[in-house]
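Trainee: One structure follows; several queries about it will come next.
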Amino acid sequence: MAGILRTVSNFSVPLFNNVICHKVKTPRVRTFLTHQVLWCKAAIKPGIPYKKLTVGVPKEIFQNEKRIALSPAGVQALVKQGFNVIVESSAGEAAKFSDDHYRQAGAQIQGTKEVLASDIVLKVRAPMFNSVLGVHEIELFKSQGTLISFIYPAQNPDLLNKLAEKNTTAVVLAANNFGRFFTGQITAAGKVPPAKVLIIGGGVAGLASAGAAKSMGAVVPAALEQFKSLGAEPLEVDIKESGEGQGGYAKEMSKEFIEAEMKLFAKQCQEVDIIITTALIPECLIGGITHIGYSDLPSRMATQASTLYSNNITKLLKAISPDKENFYFHIKDEFDYGTLDHVVRGTVVMKDGKVIFPAPPPKNIPQAAPVKQKTVAELEAEKAATVTPFRKTMTSASAYTAGLATVLGLGIAAPNSAFTQMVTTFGLAGIVGYHTVWGVTPALHSPLMSVTNAISGLTAVGGLALMGGEYLPGTLPQGLAVLAAFISSVNIAGGFLVTQRMLDMFKRPTDPPEFNYLYLLPAALFIGGYGTALQSGYNIEQMMYLGSGLCCVGALAGLSTQGTARLGNALGMIGVAGGLAATLGSLKPSVELLAQMSGAMALGGTIGLTIAKRIQISDLPQLVAAFHSLVGLAAVLTCVAEYMIEFPHFATDPAASLTMIVAYLGTYIGGVTFSGSLVAYGKLQGVLSSAPLLLPGRHLLNASLLTLSIGGMVPYMMDPSYTTGLTCLGSVSALSAVMGVTLTAAIGGADMPVVITVLNSYSGWALCAEGFLLNNNLLTIVGALIGFSGAILSHIMCVAMNRSLANVILGGYGTTSTAGGKPMEITGTHTEVNMDGAVDMIKEANNIIITPGYGLCAAKAQYPIADLVKMLREGGKKVRFGIHPVAGRMPGQLNVLLAEAGVPYDIVLEMDEINEDFPETDLVLVIGANDTVNSAAQEDPNSIIAGMPVLEVWKAKQVIVMKRSLGVGYAAVDNPIFYKPNTAMLLGDAKKTCDGLQTKMRELYPN
């Protein structure tokens, strides 16, 4: 293997090195008989047009050789460049490439003689005597033709003589001179744990080390580092001796070195279980040791070996002749290191029948390797080391000081004991909510968002408390109140039904039966018991609020695990129902008013149930955003109605100032939530562009809107008139609505997970404002739960992107770890794979991880992927999913989509759970993801996503990336994994590609 060289033999190819202007002979009066055409100023382009060249691919006649030099994918690439390609009939049959495959790729099928007479002949084995035709293959080559094949120049002098007899210009492309064609091609010898394996010889890496010794300096340590990176433990002979020979070939070592080497081998052979070497030892069984001496190992993997070789050949042709129209390359004896001239000249072994191998050394040879750039993790560790214990403790102490100072300030400013009690309730509920939400598993973040949406519908309590009239409201404030109750009911019914639908999707066939209808017993006792107590003259509304609040806490706590999630949803329903019942009981409305209340809530609930029943789970993010807007609008309506109703009592109420402040703050928070949620809905639904709208001076605009909103409190509080108060409330409603639009519009579609969680938190604070406004413990408890849950989810999303919340909300870019320098330049050539190649890779892998992104959501490809996973698991393969926290457009969206398609939740793992498993993974399928699998986050400190936690898919043995194109993701950062040697790009529409994989795999697993 180490001695294999790639060869291109050029039979006097008419590639013009010099452009000769035409001469024309014309009779003249003067004595000049010949002159050069003066008008021939346009340079004639050298070389031959690709469309005039024919590439021939003959059948290999070497014994047991099953490979072919060009795969159908390679044919397609060359035809696209302009070449005419002909393939010998049945040449690819042994490699499972039929003639029809080649015809479909654009090739013609012809006989042996016609193929060998092509302008360019592609072969795997060197030309040899054809016993069927009775001639040597070289004799059938076209004069002035080109051959690309494996040749051993130092070991095949006879072949070189035959080429010299035809005045040949022969070119050899060796791995050590043209390494980028061969990077990452690791021998397909699989992993053999727990046996101890000894590999004798460095193979291609060893040759590359010897060939680069003159120009690179200390290359042996570099080679050892590559071995170590693969998990190998290198062994070295005690005697130090250079193994470099002429032209990059290995030389025969000294007697002393060989003796020391044999001593080392003898010791190791007693300790190891398996020895792998390229030495050709006949197959036999000696002393209980089996010798496996395959001489045709590549042909035993003919399809994969042919595909790899074909990729190399097509990239070779494009590299040495980069012109888009003509095939041409020039040979120079003086060239700079690392240039294309270096590559071409370093490969020439014969020119016009004269051997000129090896090539002269290049100019400008680098003397030392560049300084290794520090990784993001190293820079973060250095940054953390600079924080002294004093500074760390001081920061913590300052936070506690500020918190306790706030408590003292609220105590001094409290107008009465009721306010102090409400603050106490808020604080305790916040602590409970804080610790409860942290326990929710990320897979259930979407149901958590949905159930908090439903619970936030308790804004209906505020509407009910302010409703009046008989069958219809009698005043404007009462109209606003009934509208608030109506839209809040949409949230309640729709939120709980959507939550139940999502949780039902997580059920597995093996799960035990559930009897959740039995929870009607505590619900009936809770509400029926309250009704009985009310009829008996007991006023236990505050205890009902406590019980309802505890049920809402249980709803969030229940969603911490799959086993208790449906209980959590049931508790949420009980809590909301109990809160509404207690509100009606405390109000004791007339029959007419009760009919108005029931009608508003029934109509809203019916609409909510209808929407929740019809909505597709893939549209869940926009549904959540729409429901958030309803909560915000209900908060605005309730706060304005409360001000209008309570205004006559402000003059005598000692807590009037507090009521006014809370009404103002609730209106502001509700306005931002309402308009921001509508913009988020528009972006998610596709009504608005998902790209960020970066208005000029947007930060100044937002600052001005905030300043005006705060400034509006001055006349609002100073002027006691009704008109001024309403005007200020109307103004802050408009200003907050505009601010919600400008803030949310500046945030791109990929940051929607954070936007939705922040809006969820806003809805909680709006609910808290209603609680303080109405002096209602239930609203305060539930508002604190929702507010803190949304804040915690926002923090989790920001940590997953290594960005601050302000950076996301203000439409910024870059992580907290971004150094700010020039980003790393990504070089290399990507490798593409077609559907058949991808299926082969999946078929050969045993341990597979799938990492989906938003592309899977947008294409709604979860169903074919779920079926594919089912087939693979039934076929005995280990298949799992790796989910990034911000994949999708809301927390946990991909978990729900996969559950909807029937994927068991126990094989869907979070990033932190699966990242350490990638090095042991045979194959990773990246479906519609980009930034969440971008290695620049760890490799490039100057990247704007530096330090962002990502799925480390590139550490797997093989990676298939399924995307529409090589384009960047939302962060507009190039992804280095596309160009890594173990990555293959399967480009195309995600849905069609997934359907194609499903169909192909169904042929392999028909049952």
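Here, each number is a calculation from the coordinates, and none is a lab measurement. These figures come from a predicted structure and were not determined experimentally. Every residue, glycine as well, gets a Cβ built from its backbone with ideal geometry; the counts of neighbours run over all protein chains shown.
Trainee: Skipping prolines and chain starts, which residues have an amide H placed within reach, meaning under 5 Å, of the one on Glu88, given they are 5 or more residues away or on another chain?
Mentor: Counting only residues 5 or more places away or on other chains, the set is Val57, Lys59, Gln110.
Trainee: While we're looking at this one, here's another question. Dividing the alpha-carbon radius of gyration of the range 831-1004 by 2.2 N^0.38 Å (N being the number of residues), what value is obtained?
Mentor: Here the answer is 0.94, to two decimals.
Trainee: Provide the FRET efficiency to the nearest 0.05 for the Lys613-Leu518 pair, computing r from the beta carbons and using R0 = 25 Å.
Mentor: The value I calculate is 0.55.
Trainee: Same structure again: What's the exposure ranking of Trp438, Trp765, going from fewest to most Cβ atoms within 10 Å?
Mentor: Trp438, Trp765
Trainee: Here's a follow-up. Show me the ranking of peptides 625-636, 325-336, 838-849, 116-127 by mean Cβ neighbours inside 10 Å, starting with the highest.
Mentor: Going by the mean number of other Cβ atoms within 10 Å, highest first, we get 625-636, 116-127, 838-849, 325-336.
Trainee: Just how far, in whole angstrom, is the range 445-465 from the range 644-699 if you go by their alpha carbon centroids?
Mentor: Here the two parts' Cα centres lie 17 Å apart.
Trainee: A further question follows. Looking at the square roots a ≥ b ≥ c of the eigenvalues of the Cα gyration tensor of the range 593-674, which shape do they give, rounded for a/c under 1.5, prolate if a/b is larger than b/c, or oblate?
Mentor: oblate
Trainee: Give the cross-link partners of Lys113 among the aspartates and glutamates, using a straight C-alpha distance below 12 Å as the criterion and excluding same-chain residues fewer than 8 apart.
Mentor: Glu88, Glu137, Glu139
Trainee: Another question about this same structure. Label Phe390 and Glu256 with points 7 Å out from Cα along Cα→Cβ: what is the distance between them in nm?
Mentor: 6.2 nm
Trainee: How do 82-91, 770-779, 950-959, 452-461 rank on mean C-beta neighbours within 10 Å, highest first?
Mentor: Details: 82-91: 20.0, 770-779: 25.1, 950-959: 22.1, 452-461: 30.9.
Ranking, from highest mean packing down: 452-461, 770-779, 950-959, 82-91.
Trainee: For the residues Arg391, Arg67, what sequence is obtained by ranking on other C-beta atoms within 10 Å, fewest first?
Mentor: Fewest-to-most Cβ neighbours within 10 Å comes out as Arg391, Arg67.
Trainee: Order the peptides 337-344, 394-401, 782-789 from the highest to the lowest mean number of other Cβ atoms within 10 Å of their residues.
Mentor: Result, highest mean first: 782-789, 337-344, 394-401.
Trainee: Over 19 Å between C-alpha atoms is what I'm after, so list which of Lys324/Lys963; Lys123/Lys843; Lys96/Lys123; Lys80/Lys318; Lys507/Lys877; Lys59/Lys142 land there.
Mentor: Numbers: Lys324/Lys963 26 Å; Lys123/Lys843 28 Å; Lys96/Lys123 17 Å; Lys80/Lys318 12 Å; Lys507/Lys877 23 Å; Lys59/Lys142 17 Å.
Listed pairs above 19 Å: Lys324/Lys963; Lys123/Lys843; Lys507/Lys877.
Trainee: Using only the Cα atoms of the range 549-629, what are the Rg and Dmax in Å?
Mentor: Cα radius of gyration and Dmax of the range 549-629 are 15.6, 44 Å respectively.
Trainee: When we measure straight from the Cα of Lys363, which aspartates and glutamates land under 15 angstrom away, once same-chain ones fewer than 8 places off are left out?
Mentor: Partners found: Asp333, Glu334, Asp336, Asp341.
Trainee: Counting pairs of alpha carbon atoms under 8 Å apart in space and at least six apart in sequence, what relative contact order in percent does the range 831-1004 give?
Mentor: About 30 percent, as a whole number.
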